[in-house]
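See structure below.
No lab work stands behind these numbers, since they all come straight from the coordinates. Just so we're clear, the structure is a prediction, and the values are computed from it rather than from any experiment. Here the Cβ positions follow ideal geometry from the backbone for every residue, glycine too, while neighbour counts run over all protein chains shown.
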Amino acid sequence: MKVHVVVTDGEANIFEGEAILVAVARARRPRRTAVANPQFKTRGPASLDFTLPVRAFVKRYAKNLGGPQRFTLLLARLSGGKVGTAVSLREFEKAWNRMTEPMGGRFNSAYTTRAKDNGWVDTPKTGSYALLSGWAKAAGE
């Protein structure tokens with residue numbers, strides 16, 4: 001496919017040219033993604049209020065986040081934001097399932113795998129999870 005490109009920069013200079021584009025792969029439908037919480041755009045993990053009750057913490061910071069992000073955020077609250085502090089899966093599920101409305105439903109174990117795949121959490125031993133240093137990226141940092 002032959003295209004003609006015209007670009008204007010910030011100083012009103014005009015650049016133009018022609019190019020031949022070649023299809024590399026068939027286009028896929030874009031994946032749906034969660035909208036990041038606007039509060040997190042301006043707040044770092046150090047400014048999160050870990051003294052809030054769990055439900056209030058989740059309602060304040062987990063709005064519009066996907067399941068793996070909510071998993072990571074709740075784990076951060078339960079561990080006090082400390083990297084490497086293990087939280088048992090039983091304790092975690094109990095906290096999640098107490099507040100199904102703000103968490104978007106019952107706990108789904110697929111969230112743990114996706115959070116691990118993204119480098120936000122790790123499993124120090126079977127049946128427990130701990131935050132990794134990049135956990136703040138789960139909330140759009």
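Here is how the numbers come out for the structure above:
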item: Pair residue 50, residue 110: separation of 7 Å Cα→Cβ label points (nm); result: 3.1 nm
item: Net length gained if the chain between residue 25 and residue 126 were fully extended (0.36 nm per residue, minus Cα distance); result: 32.3 nm
item: Compactness of the stretch 38-139 - radius of gyration and Dmax, Cα, Å; result: 12.1, 35
